[in-house]
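**Student:** This is the structure I have questions about; it appears just below.
The values are calculated or read from the model by the stated rules, or taken from the named source; none is laboratory data. Model, not experiment: these values are computed from the prediction. Note that each Cβ is placed from the backbone with ideal geometry, even for glycine, and that neighbours are counted across all protein chains shown. Side chains are part of the model used for accessible areas, which takes the heavy atoms of the whole protein and leaves out ligands, DNA and RNA. Shrake-Rupley method; radii C 1.70, N 1.55, O 1.52, S 1.80 Å.
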Amino acid sequence: RIARLLEIASGAGPATFPLCVECVNGVSEDLDRQIAEAEDAKETFRKVLKELEEEEEREEHGEGASSSSPSARGRREEADEEDERELKKLREEEEKLKKEIREAEESLEESMSESRKAERLVEEVEKLERSLWRQWSQHLLALQSHEREKAAVNAAIEWTAGQLSKLKNLHVISDCFHIWHDGQFGTINGFRLGRPVQFTVPWAEVNAAWGQVCLLLDVICRRHRVELEHFRLIPRGSCSLIYRKSDRAEVELYGSEGGIARLLWGRRFDQAMVSFLAAFAEVSEKLLGPQGMERLPYGVEGDKIGGFSIRLQFNNEERWTKACKFLLIDLKCLVAALETANAAAKED
C-alpha cells in the first residue's frame, strides 16, 4: 500500500482519484520513518566500516600478522566491498526518498492551492445563488402585486362595462321628463297641464308644467343641435319665456288668475303658447324629416294641435286642456322616436 502511495505521489503511476491531504500526510510519515531507519542502518555501517578500517591499520603496523592469512584478507575485502555497495545503495535510496518527499510536498502544495481556489469558487457560487434567490423572491412579489393590480383593473373594467351597458340602455330624457296622464290631464313630472271647469288646478302648477315643457324642448334642441329659425326658448321654470326673432319680443309662457290683468296677460300667454307650438313643429320637421309631423299622433296646424286650439282666451277650458294633453303626447312620441334612432345608431 505504501509503495502504491509513493508511486502515485511521485507521479510514476496513474492516479484514478485525487490524493487527499490525509493520504499525503500518511505517506510523508512513512517516508520519514524509512529515512530514520536508513539513517540508523547508515550509522551502523559507518561503525562497522570504522572498525574494519582500524583493523586494517593494525594489520599494516604488524599487529596480528602471524595470525593473518591471504584468504582472510580477501574475505574482509569482499565484505568491505559489499558494505560499500550496500551503503551506496542506501544513499541512492535516501536521495530517491528525499526527492519523492519534495515532489510529494510540491504536489500537496498544488493540491492545497487548488482546494483554496475551489473553496473561493464555491463561495462565489453560493453568493451568486443567494443573489439569484433574492431576485427571484423580489420578482415573485412584483408578479403577485401585478396580478392583484390586474385583477383589480379587470374588476373595475367589468363593473364599468356593466355601468356603461346600463347607461346605454337608459333613456335620459324620458327619465328626466316623465310624461303621463291623469284622467283628463296630461302631466309632466307630476305637474298637471290644463284647467277644466270641474277641477281647480292652481296656476302655479300649470306654469310649472309649461316650464318643464319648455325645458324639455330646449334640451332636445341642444342635444341634437337644432337651431330654431324664428324663436328662442328661454326656460325659467314657472316664469319661462319665448323670444320671437321676427319682432325681437319676449312673450310669457305662464298665466295668472282672472280679472282685468287676466285679459291683458292672457293675450301674451296665448302668443307664447302659439309660438311654442310653432317651435315644436319646426323641431319635429328637422329631426323627423319633412313628413315628421305625420309620424306623430296629432298634427300641428297653425295654433291648433289635433284640431284643438292651444289658445286660452275665447276658448273652452276643456278644449284647451285637451290641446295641452295632445301636445304632451306628441312630445312623448318625439322623444321615443329620437331615442329609438339613437339606439339603432349605437348598435350600428
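**Student:** Checking residue 265 against (1) crowded, with 16+ Cβ neighbours inside 10 Å; (2) hydrophobic (A, V, I, L, M, F, W, C); (3) within 23 Å of residue 177 (Cβ to Cβ): exactly one of these is not met. Which one?
**Tutor:** Going through (1) crowded, with 16+ Cβ neighbours inside 10 Å; (2) hydrophobic (A, V, I, L, M, F, W, C); (3) within 23 Å of residue 177 (Cβ to Cβ) one by one, residue 265 breaks only (3).
**Student:** Here's something else I'd like to know. So in region 82-113, with the set limited to residues that are within 11 Å of residue 31 (Cα to Cα) and open to solvent by less than 50 Å² (accessible area, probe 1.4 Å), which one is farthest from the chain's Cα centre (by Cα)?
**Tutor:** Selected residue: 94.
**Student:** Could you please tell me which pairs satisfy a Cβ distance under 9 Å, a separation of 6+ or placement on different chains, a first residue in region 139-168 that is open to solvent by 80 Å² or more (accessible area, probe 1.4 Å), and a second residue that is part of a helix (DSSP H, G or I)?
**Tutor:** Between residues of region 139-168 that are open to solvent by 80 Å² or more (accessible area, probe 1.4 Å) and residues that are part of a helix (DSSP H, G or I), the close pairs are 168/343; 168/346.
**Student:** Being modelled with pLDDT under 90, among the basic types (Lys, Arg) and part of a helix (DSSP H, G or I), is that true of even one residue in region 307-330?
**Tutor:** Checked against the condition, which is being modelled with pLDDT under 90, among the basic types (Lys, Arg) and part of a helix (DSSP H, G or I), region 307-330 yields no hits at all.
**Student:** Which of the residues that make up region 300-334 are open to solvent by 10 Å² or more (accessible area, probe 1.4 Å) and under 60 Å from the mean Cα position of the chain (by Cα)?
**Tutor:** Selection gives 325, 326, 329, 332, 333.
**Student:** With (1) crowded, with 16+ Cβ neighbours inside 10 Å; (2) farther than 26 Å from residue 289 by Cα as the list, and residue 278 as the residue in question, which single condition is left unmet?
**Tutor:** It fails just one condition, (2).
**Student:** Given the criteria among the charged types (D, E, K, R) and either touching a helix residue (DSSP H, G or I) at 6+ places or on another chain (Cβ under 9 Å) or at pLDDT 90 or above (or both), does residue 134 qualify?
**Tutor:** Yes; evaluated as a whole, the condition is true for this residue.
**Student:** Let me ask something else. I'm trying to understand the selection: among the residues of region 179-220, which are polar (S, T, N, Q) and either in contact with a strand residue (DSSP E or B) (Cβ under 8 Å, 6 or more places away or on another chain) or crowded, with 18+ Cβ neighbours inside 10 Å (or both)?
**Tutor:** Once the filter is applied, which keeps residues that are polar (S, T, N, Q) and either in contact with a strand residue (DSSP E or B) (Cβ under 8 Å, 6 or more places away or on another chain) or crowded, with 18+ Cβ neighbours inside 10 Å (or both), region 179-220 yields 187, 207, 212.
**Student:** I've got another one for you. Can you find a residue in region 168-186 that is of a type in the set (Phe, Trp, Tyr) and under 53 Å from the mean Cα position of the chain (by Cα)?
**Tutor:** Within region 168-186, one or more residues are of a type in the set (Phe, Trp, Tyr) and under 53 Å from the mean Cα position of the chain (by Cα).
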